[in-house]
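The values are calculated or read from the model by the stated rules, or taken from the named source; none is laboratory data. Quantities reported herein were computed from a predicted structural model and do not represent experimental measurements. Cβ placement follows ideal geometry from the backbone for every residue including glycine, while neighbour counts extend to all protein chains displayed. For the accessible areas, the whole protein counts, side chains as well, though only heavy atoms, and no ligand, DNA or RNA atoms are used. Shrake-Rupley method; radii C 1.70, N 1.55, O 1.52, S 1.80 Å.
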Amino acid sequence: MNNITKSSRIALVLATLAVAVPVSVSAQQDAPTADSDITVTGLPPADLSGLAEGPEIKGFISARKADRMQVTTAEGARTAVTVAEATEIKASKGFLGIGRSKLGADSLLNGLPVTVKTVEWGDGLVASKISLRNNDLKTASMIRNGTEQGFSEQTAATEALRGRVGDLDQYNIKGTTNVNFDTGKAVLSAADKAELCNTAAQAEGLDNSLLLIVGYTDSTGDYEFNQRLSEKRASRVVNYMQQACGWKPYRMLTPTGMAEADPLADNSTREGKAQNRRVAVNIMVSKGLDGI
């Protein structure tokens, strides 16, 4: 754990969100395929029963905009889904999920774990049923309303970071852990996994703590590839900390990727590049809640 006494490094992260990153000329290995955008016109039918069944998607809501939401799976795959008037939204409650309550679309908060049954409509998917846990929704609402972490609807992780973090001066940064990656990869080592769970345990011991997770790359490769790779690395860390380390998703600020911005070391050296291929896990506490 590398202790932080000043917010300059994270402030630079936020500042770079508004600045275009220059494009490199060489390419990293294992270039990923671009996420497919789904464009749908008109309104879904009031009765979804006649539409062909689509895939079931399990993950968390990573973006919301009007009647659209994006669901990110544990593997980092992102799927855009339309929420229609006919979409059934239910939360389980009680032991083993016994008893269920119907909810409105306004309950679909960012970060909320969901299971989505879909139907095919046009070139996209419509949610026929969205299931979630009542305890998760309660926690999400407390974080959103009680700690002033609410943020406007967005479609990009960087926009979510702007909205949720806002002014960094409102937070105390208790510490940062960096985990590193091989060139072009997003695979966590056994040592990294242990370090992430140690960080989660340390953060758990701090009242009202949240985690801000930011992915980075070195300067190898073009900007578009590095942006996707940095997001994938951040997502991999988020998934591991939630699934293996037991960190609640609503105690996590929306993760983002910053490509090659804010390098820790000189990208002209092999050693420097190795340090820059990282994900930073920042433990943060709102100043208004620190010590409560």
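For the stretch 72-82, the tally of residues that are within 10 Å of the chain's Cα centre (by Cα) and either part of a strand (DSSP E or B) or among the polar types (S, T, N, Q) (or both) stands at 1.
Rundown of residues vs (1) surrounded by fewer than 16 Cβ atoms within 10 Å (Cβ to Cβ); (2) modelled with pLDDT of 75 or more, yes/no style:
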| position | (1), (2) |
| --- | --- |
| Ala31 | yes, no |
| Pro55 | yes, yes |
| Ala80 | no, yes |
| Phe95 | yes, no |
| Lys102 | yes, yes |
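Filtered by the rule that a residue be open to solvent by less than 50 Å² (accessible area, probe 1.4 Å), of a type in the set (A, V, I, L, M, F, W, C) and either under 15 Å from Ser62 (Cα atoms) or modelled with pLDDT under 95 (or both), the stretch 246-279 gives Trp247, Met252, Leu253, Met258, Ala259, Ala261, Ala265.
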